[in-house]
1. Could you give the alpha-carbon Rg of the chain over 2.2 N^0.38 Å, rounded to two decimals?
2. Need one number: nm distance between label points at K5 and N115, each 7 Å from Cα along Cα→Cβ, rounded to one decimal.
3. Can you check how the C-alpha radius of gyration of region 64-115 compares to 2.2 N^0.38 Å, as a plain ratio?
4. Separation of region 44-100 and region 11-34 by C-alpha centroid, Å?
5. What does the extension gain come out to for T90 and R59, with contour length at 0.36 nm per residue minus their alpha carbon separation?
6. With a 1.4 Å probe and all protein chains kept in place, how do L116, L15 rank by accessible area, largest first?
7. About the Cα centre of the chain, how large is the charge dipole given +1 on each Lys and Arg Cβ and -1 on each Asp and Glu Cβ? Please answer in debye to the nearest 20.
8. So which lysines pass the test for K121, namely a Cα distance under 25 Å, with those fewer than 8 places away in the same chain ruled out?
Amino acid sequence: MAKQKVQYEYPMHCLSEILYEYLATAEGLSEWFADEVTERGDTFYFSWGGAEEVATLIRYKPEGFVRFRWEEDEGTKCYFEMSIVIDEITEDLALVITDFVEEGDEEENRLYWENLVENLKIKLGAA
């Protein structure tokens with residue numbers, strides 16, 4: 001079954017440079033995204049309660065975005081991306097999440113990301 005693309009936007013009250021460190025480094029990601037994250041080149045190992053998932057960093061732009069592809073999605077166009085968007089007029093900063101989900105899992109996925117981003121805001125002191 002093909003996954004469908006979803007996107008979420010969360011206002012963030014922090015500096016883009018600091019936010020990017022939480023999105024693009026193993027140390028930053030282990031603060032809010034997974035229990036433990038290790039990085040070997042472009043390969044990231046994410047651990048949650050003993051279970052491990054592997055993702056490859058497939059694209060990035062410093063202080064702009066990071067895009068990962070889970071090992072299980074190799075050979076597909078599926079990925080997850082975390083982008084920093086700054087409004088040109090107000091200079092408000094937002095975190096935009098792009099993900100791919102199975103049909104019927106949209107609400108669960110939205111709640112999953114909401115919880116993760118709440119954890120991130122707490123770590124950043126941006127809640």
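1. Working: Rg = 14.2 Å, N = 127, 2.2 N^0.38 = 13.9 Å.
Cα-based Rg divided by the globular estimate yields 1.03.
2. Result for the modelled spin labels: 2.7 nm.
3. Details: Rg = 13.4 Å, N = 52, 2.2 N^0.38 = 9.9 Å.
Expressed relative to 2.2 N^0.38 Å, the Cα Rg reads 1.35.
4. Taking the Cα centre of region 11-34 as reference, the centre of region 44-100 is 11 Å away.
5. Values: separation 31, 0.36 × 31 = 11.16 nm, distance 2.76 nm.
Fully extending the segment from T90 to R59 adds 8.4 nm.
6. Most to least solvent-accessible, the answer reads L15, L116.
7. Numbers: 11 positive and 30 negative charges, 62 e Å.
The dipole magnitude comes to about 300 debye.
8. By straight Cα distance, K121 reaches K5, K61.
The values are calculated or read from the model by the stated rules, or taken from the named source; none is laboratory data. Everything numeric in this text was worked out from a predicted model, so none of it was measured. Methodologically, a virtual Cβ is constructed for each residue, glycine included, from the backbone with ideal geometry; neighbour enumeration extends over all protein chains shown. In case anyone asks, the SASA skips ligands and DNA or RNA and just uses the protein heavy atoms, side chains included. Shrake-Rupley method; radii C 1.70, N 1.55, O 1.52, S 1.80 Å.
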